[in-house]
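We did not get these values from a lab; they are worked out from the coordinates using the rules stated. Treat the numbers as computed from the prediction; the structure is a model and nothing was measured. Please note: Cβ atoms are built from the backbone with ideal geometry, for glycine as well, and neighbour counts cover all protein chains shown.
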Amino acid sequence: MTAHTRRIKKSRVTLMSALCLTGALYLTGALCSELYALSVKPMSLSALTKRAPLIVYGRVISQEVTQRPRPQGRPWIFTLSVVEVQECWRAQAACPKQLIVSQIGGSLTSSTASEPPLTLAIPGLPTLRLGDEAGLFLTPKLDPPPSALPMFVIVGGAQGARVAQEGDALTDLRQEVLTLTTEEDPTAGSIAPKP
């Protein structure tokens, strides 16, 4: 077999692979009525701090997954995480002892065992888990449902939720936030312990 013949066979295989991949992607698109993606603009710590009226270090103590119907298509699924505030790194108002973080996404079990769970996961959005300790850059949720606790959303997608790894209390992040907050408002200057 000559080199020219091998190149022709190789280009045919490459072309067939490309056609198969294109067909598979088309079929996937036809079968999936809705696909979601999220692009989040990279933000510096300074930008996150400026956009977040509340920055806390807290622990997720409970979670509830709920859904909100939509006029067309599948319902939106939300995870509501109750966070016990350990430290308040920045607060433009009184720092709550507990708060709710509302996040798009989660998994709802179906009422019948034969149906799979209804799941919504959007890459680029943070996922808090029960027991997580995290530094959270928060802003109040617009039009929150009635709740005994204040409700917030995370600023900047996954960038605004810094989950602590085992043995790490995010001390460096805390110090950087304190420094940035003090530069912005010289009267701020201290971190409030657990309220």
>> Under 8 Å for C-alpha pairs, at least 6 residues apart: give me the relative contact order for segment 45-184, rounded to a whole percent.
In response: 27 percent
> Between ILE61 and THR179, what length comes free when the chain is fully extended (0.36 nm per residue of separation minus the Cα-Cα distance, one decimal in nm)?
Replying inline: 39.6 nm
> How far apart, in nm, are the 7 Å Cα→Cβ label points at SER44 and THR112?
Replying inline: 5.6 nm
> Using the beta-carbon distance between ARG129 and LEU149 and R0 = 22 Å, what value does 1/(1 + (r/R0)^6) give for FRET efficiency, to the nearest 0.05?
Replying inline: 0.70
> Relative contact order (percent) for segment 62-128, with alpha-carbon contacts under 8 angstrom and 6 or more residues of separation?
Replying inline: 28 percent
> Are there GluC sites (Glu not before Pro) in segment 94-190 that DSSP puts in a loop and that have at most 13 other Cβ atoms within 10 Å, and which ones?
Replying inline: GLU166
> Any idea how far apart LYS97 and ARG68 come out in nm if each label point goes 7 Å out from Cα toward Cβ?
Replying inline: 2.9 nm
